[in-house]
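Asks: One structure, as structure tokens, below. Some questions next.
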Amino acid sequence: MFKLTVYDRESITPLRSLATNTGSIVAALFVISIVFLLCGVNPLYAIGKIFSGSFGSMYGFKETVTKAIPLILTGGGLALAFRAKFWNIGAEGQILMGALMGTWVGLAWGAVLPSFVLITLMFLAGFIGGALLGLIPALLKIKFSINEVISTLMLNYICAELITMLIVGPWKGSTRFGFPGTNNLADAALLDVIPGSRIHYVTLILAIIAVLILSVIVYRTRFGYEVRVIGENPEAGKYAGIDFFRTTLVIMLVSGGLAGVAGVGELAGIHHYLGYPASISSGYGFTAIIVAWLAKLNPMYVLVSAMFFAGIIVGGDAIQISLGLPGATVQIVNGILLIFLIMGDYFLKHKVVVSFSNNPS
Amino acid sequence: MEDVVISVLHRTMVAGTPLLLGTVGEVICERSGILNLGVEGVMSVGAVVAFIVTYTTGNPWLALLAAICAGMLISVLHAFASVTLQANQVVSGLALTMIGLGLSGMLGKPYVGKPLAVKMNDVAIPWLSDIPFVGPLFFKQSPFFYMAIILALAAWFFLERTLPGIKVRSAGENPGATETQGVNVALLRYACVITGGAFSAMAGAHLSTSYSKSWIEGMTAGRGWIVIALTIFSLWNPGKAIMGAFIFGGVFVLQYLLQPLGISPNFLAMLPYVSTLLILLAMSTKDRRKLNAPAQLGEPYKRGER
């Protein structure tokens, strides 16, 4: 007979953390393979195709970087929120709100302001839009103890409907031939891209600066310490005199604001007009949750995990075309990866020993 | 006029049915101490499986059975992660939703836009359905409606009046003490999560085989999340869930009632989500304990720890 014994690990080294994450990803890929097999697709070919599609060619790599931009911004903000165990599931709505505010500024002053000022204002407006939307669930949670998972999700739906309402109604562009969507933003409102790619580098630079600042905040400031205490031991936080209200508001201001910036990036860098919500953000807000989780809520690691999941998005598009798999495939891949990542945490915190003995007890 | 009132109320009942099924399932699950945010995903899987089976076999009852099995099966994932591996239940539930939505999108791809030749037909209960006003409202409904009401009442009786029900509740309040009474808390929680999955899948089956007779991606439209809010609204009581679910059913119907007034349909589509927030706001005057929330909801239970 064999017996499973579970011990608590005393310490967690970064190396073990990396090993556990790798193990989780491998296990997840194994299960994903089974899903592919059931779909009648050769899993090795499909998974190979995902990664060759995203990292195997210059074109794929450039696309991966492009898709990583919103994931870095949003994932970084979520890492901060999740550290305080504030479950912001509303990044999708916050991205949309950023795009909405950016559109508003872009359409209103596109013709009169110089590009630099205009784009700065758009990013600022996007940040404010996302931040204000993020403040709502924070207020609701602290003042009325309303579960933030539900409130952030409801706001996602509300934002999506709001944007649709605007683009079929008052904001509908005269140049769209009756189709929903605003007019194109003026050239001054558009972000430059690296030639031969869709990488809107201004947003990329903002994203990298954001995670750098975030990691300083999390690991080097009193505020970051408070965030961690709130997440790990709220009781102790209360006794230590941490202002939950203020801290939570700031967390959501930053988390929502960064998502809003990502929304402006998508708007001004990729789409150039406000269209259907699903085209502005195809689930970045949800993928960013997994990005933050894979990064172990460390803002610096978000850079790496955002690239990984951007790769899956790009590679997922590639296999959709070449293997005829539906778009939902990426969602399954992401979901399976996420559940394996959190299941892996158990083995990070515990040591499971299999022992064989002759006398079963 | 009376016809209009009956028709509106009838549609309210229909719209409330999946919400009631989902809420009762979530109440059972949360009462045992496990928060399951996977409802939206499981509902979606239930909807697609029920649609596919009805489409291929023409038997909506078989489809319901298949949907329930699928819902239970996929819920094991959440049970394993949150009970056995003590993982974070919020994230695990979200993962379940992603997997569920993805899986249903993938399985349902070939069936998008195909109408069902058969559906779960409404059943008029003899005698009772002839009662004026009340009859057509409550006794000329789809079998899902009857099942939802009966299951809600049964779940109430089970949780509040039977010994196993007390075990479920105490597992959510104080798993350590429950374990000392000789109850296998882990097993019990598995059972509750899986039962919750069965209910969510039924709700999904209602959507695709009775409510709309078609499958499109995202047809659950946030109902799984509204269910989670309704669980709070009903104070974790399946009996009160009946009222909550049909109030929200009314909100869904209100959208269509107001549309002829020239209000933007997108604005009206916000109604259920705004109402959810408002209802939670109205509930929040009391503190969490008074709300009757299970004390250990969402907290992983580790055997032998105090």
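The values are calculated or read from the model by the stated rules, or taken from the named source; none is laboratory data. Quantities reported herein were computed from a predicted structural model and do not represent experimental measurements. Glycine gets a Cβ as well: all are built from the backbone with ideal geometry, and neighbour counts include every protein chain shown.
Asks: Hey, does the range A:36-44 have a residue that's assigned to a helix (DSSP H, G or I) and touching a residue at least 12 places away in the same chain (Cβ under 8 Å)?
Replies: No; the residues of the range A:36-44 include none that is assigned to a helix (DSSP H, G or I) and touching a residue at least 12 places away in the same chain (Cβ under 8 Å).
Asks: Name the single residue, out of those in the range A:1-45 being at pLDDT below 90 and small (Gly, Ala, Ser), that is farthest from A:Leu341 (Cα to Cα).
Replies: A:Gly40
Asks: If you don't mind, another one. Collect the residues in the range B:168-209 that are farther than 19 Å from B:Leu85 by Cβ and of a type in the set (Phe, Trp, Tyr), keeping them in residue-number order.
Replies: Passing the criteria: only B:Phe199.
Asks: Please indicate, with yes or no, whether at least one residue in the range B:223-238 is in contact (Cβ under 8 Å) with a residue 40 or more places away in the chain, out of contact with any helix residue (DSSP H, G or I) (no Cβ under 8 Å at 6 or more places or on another chain) and either hydroxyl-bearing (Ser, Thr, Tyr) or over 15 Å from B:Ala70 (Cα atoms) (or both).
Replies: Yes, that holds for at least one residue.
Asks: Which condition number in (1) more than 23 Å from B:Lys109 (Cα to Cα); (2) more than 14 Å from every other protein chain (Cβ to nearest Cβ) is the one that B:Ala186 fails?
Replies: (2)
Asks: Right, next: Tell me, please, whether a residue that is closer than 27 Å to B:Arg303 by Cβ, part of a helix (DSSP H, G or I), away from chain A (no Cβ under 13 Å) and of a type in the set (A, V, I, L, M) can be found in the range B:73-83.
Replies: Looking for residues that are closer than 27 Å to B:Arg303 by Cβ, part of a helix (DSSP H, G or I), away from chain A (no Cβ under 13 Å) and of a type in the set (A, V, I, L, M), one finds at least one in the range B:73-83, hence yes.
Asks: OK, next. Scan the range A:54-89 for residues that are within 9 Å of the chain's Cα centre (by Cα) and among the polar types (S, T, N, Q) and report the count.
Replies: Within the range A:54-89, residues that are within 9 Å of the chain's Cα centre (by Cα) and among the polar types (S, T, N, Q) number 1.
Here's the yes/no breakdown for (1) without any contact (Cβ under 8 Å) to a residue 40 or more places away in the chain; (2) in a helix (DSSP H, G or I):
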| residue | (1), (2) |
| --- | --- |
| A:Met101 | no, yes |
| A:Trp104 | yes, yes |
| A:Ala108 | yes, yes |
| A:Val112 | yes, no |
| A:Leu118 | no, yes |
| A:Met122 | no, yes |
| A:Leu132 | no, yes |
| A:Ile163 | no, yes |
| A:Trp171 | no, no |
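Asks: Within the range B:33-51, is there a residue that is more than 14 Å from chain A (Cβ to nearest Cβ), crowded, with 24+ Cβ neighbours inside 10 Å and on the phi > 0 side of the Ramachandran plot?
Replies: yes
Asks: Still on this model: How about the range A:320-338: which of its residues are touching a Phe, Trp or Tyr at 6+ places or on another chain (Cβ under 9 Å) and either in a helix (DSSP H, G or I) or more than 10 Å from chain B (Cβ to nearest Cβ) (or both)?
Replies: A:Leu323, A:Thr329, A:Gln331, A:Asn334, A:Leu337, A:Leu338
Asks: How about the range A:53-98: which of its residues are more than 23 Å from B:Glu40 (Cβ to Cβ), at pLDDT 95 or above and polar (S, T, N, Q)?
Replies: Scanning the range A:53-98 gives A:Thr64, A:Thr66.
Asks: While we're looking at this one, here's another question. Are any residues in the range B:124-182 touching a residue at least 60 places away in the same chain (Cβ under 8 Å) and on the phi > 0 side of the Ramachandran plot, and if so, which ones?
Replies: B:Phe133
Asks: Name the one entry in B:Leu230, B:Leu257, B:Leu297 that is more than 22 Å from B:Ala171 (Cα to Cα) and either surrounded by fewer than 20 Cβ atoms within 10 Å (Cβ to Cβ) or within 11 Å of chain A (Cβ to nearest Cβ) (or both).
Replies: It is B:Leu257.
Asks: Just give me the residues in the range A:229-258 being surrounded by fewer than 17 Cβ atoms within 10 Å (Cβ to Cβ) and more than 25 Å from A:Gly93 (Cα to Cα), in sequence order.
Replies: Selection gives A:Glu232, A:Asn233, A:Pro234, A:Glu235, A:Ala236, A:Lys238, A:Tyr239, A:Ala240, A:Gly241, A:Asp243.
Asks: So which helices (runs of 4 or more DSSP H) are wholly in the range B:208-301 and hold at least 2 residues that are closer than 21 Å to A:Glu148 by Cβ?
Replies: So the answer is B:223-233, B:238-258, B:271-283.
Asks: Looking only at the range B:93-107, filter to residues that are more than 16 Å from B:Ala221 (Cα to Cα) and surrounded by fewer than 24 Cβ atoms within 10 Å (Cβ to Cβ); which one of those is nearest to the other protein chains (Cβ to nearest Cβ)?
Replies: Checked the range B:93-107; the qualifying residue nearest to the other protein chains (Cβ to nearest Cβ) is B:Met106.
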